[in-house]
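Written below as structure tokens is the structure these notes are about.
Throughout, read-outs are computed from the coordinates displayed, never taken from laboratory work. Computed from a prediction, not measured in an experiment: that's the story for all the values here. Because the Cβ atoms are built from the backbone with ideal geometry, glycine has one as well, and the counts that use them run over all protein chains shown.
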Amino acid sequence: MISLKAINEENFVDAFNLKLAKGQEEYVSHPVRSLAQAYVYRNQCQPFGIYADEKMVGYVMVIYDYDVPEYDIWHMMIDESQQGKGYGRAALNQIVEYIKAKPFGDSCRIALTCNKNNYVAKELYENIGFSVTGVEDEDEIELVMNV
């Protein structure tokens, strides 16, 4: 059973201990960097631990961009030892449900970016319902979903 739990003083060290698989460092930032961003943007974001039962197996952050407005999914990652078990797909579906409740503001648009060489992540996002917009920034492509 996969669940999302807000990162707080009780579980942030578990997020620090998550490990990216070799070669994935070019695709996603480690939760340490993301949590620093979460502190800066604390009035418009929510970082989550992704849990399989009671064990943190991944991390993701949802941020609301008031300027667009849209919800963005940042820094989603699954620990190297837990990949290939469907946890990313299950967590992504829960994140979309969380965003549908519009916790920070009104928007039907969810955006995320993906390294254009990260074919596994791109396929997952497209299978969930995200579409490539054609917007690129360096090695990142944008995908969106309207909910």
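Worth a mention:
- Packing, taken as the mean count of other beta carbons within 10 Å per residue, orders the peptides 119-128, 74-83 from highest to lowest as 74-83, 119-128.
- Distant alpha-carbon pairs in the chain (separation over 25 angstrom), percent: 21
- Per-residue [θ]222 nm for the chain (sum of -39500 (n - 2.57) over DSSP H runs n ≥ 4, rounded to 500): -7500 deg cm²/dmol
- Under a 5 Å amide H cut-off, with hydrogens placed 1.01 Å from N, E70 pairs with D65 among residues at least 5 apart or on other chains.
- R0 of 30 Å, Cβ-Cβ distance E54-A101: FRET efficiency to nearest 0.05: 0.80
- When the C-alpha to C-alpha distance is required to be over 19 Å, the pairs from K55/K85; K55/K102; K5/K116; K19/K85 that qualify are K55/K102; K5/K116.
- Taking the Cα centre of the stretch 9-81 as reference, the dipole from Cβ charges on Lys and Arg (+1) and Asp and Glu (-1) amounts to some 160 debye.
- Those aspartates and glutamates that a straight Cα-Cα span of less than 16 Å connects to K22, excepting residues fewer than 8 apart in one chain: D79, E80
- Between R33 and N8, the simple label model (points 7 Å from Cα in the Cβ direction) yields a spacing of 2.8 nm.
- Cα Rg, Dmax (largest Cα-Cα span) when computed across the stretch 43-113, Å: 12.5, 38
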